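Working notes, beginning with the structure itself.
Quick note: the coordinates plus some simple rules give every number you see, no bench work behind them. Please read these numbers as outputs of a predicted model, since none were measured by experiment. As a convention, Cβ positions derive from the backbone with ideal geometry for all residues, glycine included, and neighbour counts pool all protein chains shown.
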Amino acid sequence: MTRWMLSHLLAPISITLTTAGWAWAQPKATDTPADAARPSTGPAAAAEGAPDGSAPATPEAEAPGPGEAGAVAASSRAEAPTGETGEAASVPEEVNSTPAAAPAGGVEVEPQRAVAVPEPEPERLPGLDALGSHQRHWWATMGVRTSFVNDSGFDPFAYGDALVQFTVGGGRALVSRRSLSLGVGVLYDVGKRSADARGDATSLLMQRVVLAPRIRNHLWARMFVFARPAVGLLRTRARLDESASGATLEAHNWGAAFDLTAGAEYQAYGQASGEDPSPRLWFGAEGGYGWGQKVHLEMSPNDSTEGPERVAPLDLGDLTLRGPTFRISATVSY
């Protein structure tokens, strides 16, 4: 009778210990395969190995090894109270989360980001409807004007047909509308040629003063093309040093002058914007045709002549200064 009672009292304890040992023996997610393969030494294993009806042997207390920490935690969960059916209550498994390693010094360093440096915007030229001071300005110019005179009256004073003159002038642009503008200026040309006629030294001085309106069309802010008529006066002074008499003979004449030229100018220096007046440097070239009124060269002694008085003047015929002309110039505007 006593044996029967002991067997019925110990049977639930044996079932409980067997279930706990099975749960403790299962490998955890964080356990390594080596830990799972290691044989269990807990009380559940002893209970399984003990014969039916005998009390389990108590193992000696020992510190868990480095791989047994997970097993000990599983055993503690397995020994939790069971339900009425004898099954172990389910306990949620712990999540093995490894915190991110902090940088050296304990200070989080943000990654450096490349900073884009904006490029400076190029200076934009104004449109043809906003040229401003590119059109309406004062200007002063200087240059070289070359004419080719194919006239027999010019031969006693030059060995060739080229007549080179220095040019200065100035003016003002008066009105403008989009790319077109109209201005007016004054030009002064002066030049001299010298040669000899039948052994006597000769020279010819030419001066021109012309009123020169100019119409311009800007291709863009820094460049324009133009057409320029010019009308004015031409003054010539012919001189001959007569070796036979030692007298100096001269002829002074006035005549009309007219030019019709076309060309272009380019801004080499100055602001691109035309909002405010500013100094600018332009280089230009033009070509066309120049015409001078015919004059008669009647050479007479001047007042400073010493020696025997000449009875009759020396007639060198007519002189006509006309032909193709070309000018290069540098202009400052403001």
(request) Would you order 266, 159 from fewest to most other beta-carbon atoms within 10 Å of each residue's own beta-carbon? (result) 159, 266
(message) I need the phi-derived Karplus couplings for the range 191-207: 6.51 cos²θ - 1.76 cosθ + 1.60, θ = phi - 60°, integer Hz, Gly and Pro marked x.
(response) x, 9, 10, 9, 7, 9, 10, 6, x, 9, 5, 10, 8, 9, 9, 10, 10
(request) Bin width 10 Å, alpha-carbon pairs only: give the P(r) of the range 132-333 as whole percents, running from 0 to the bin holding the largest distance. (result) 9, 32, 25, 17, 11, 5, 1
(request) Determine, from the Cβ-Cβ distance of residue 315 and residue 178 and an R0 of 45 Å, the FRET efficiency 1/(1 + (r/R0)^6), rounded to the nearest 0.05. (result) 0.20
(message) What's the ranking of 205-218, 169-182 by average number of surrounding C-beta atoms within 10 Å, highest first?
(response) 205-218, 169-182
(request) Using R₀ = 30 Å, calculate the FRET efficiency as 1/(1 + (r/R₀)^6) where r is the Cβ-Cβ separation of residue 195 and residue 231; round to 0.05. (result) 0.50
(request) With a cut-off of 18 Å, note down the residues of the range 158-184 whose backbone N falls inside the zone around a label point 7 Å from the Cα of residue 268 toward its beta carbon. (result) 167-169
(request) Taking the Cβ of each residue in 187, 316 as the centre, tally the other Cβ atoms inside 10 Å and list the residues starting with the fewest. (result) 316, 187
(request) Would you mind checking which residues have amide H under 5 Å from residue 137's amide H? H placed 1.01 Å from N; only 5 or more apart, or other chain. (result) 173
(message) Explain nothing, just compute: Karplus ³J(HN,Hα) = 6.51 cos²θ - 1.76 cosθ + 1.60, θ = phi - 60°, for every residue of the range 161-176 in order, whole Hz, x for Gly and Pro.
(response) 9, 7, 10, 9, 10, 8, 10, 9, x, x, x, 8, 7, 8, 10, 8
(request) Amide H neighbours of residue 178 under 5 Å, at least 5 residues apart or on other chains, H built in the peptide plane: list them. (result) none
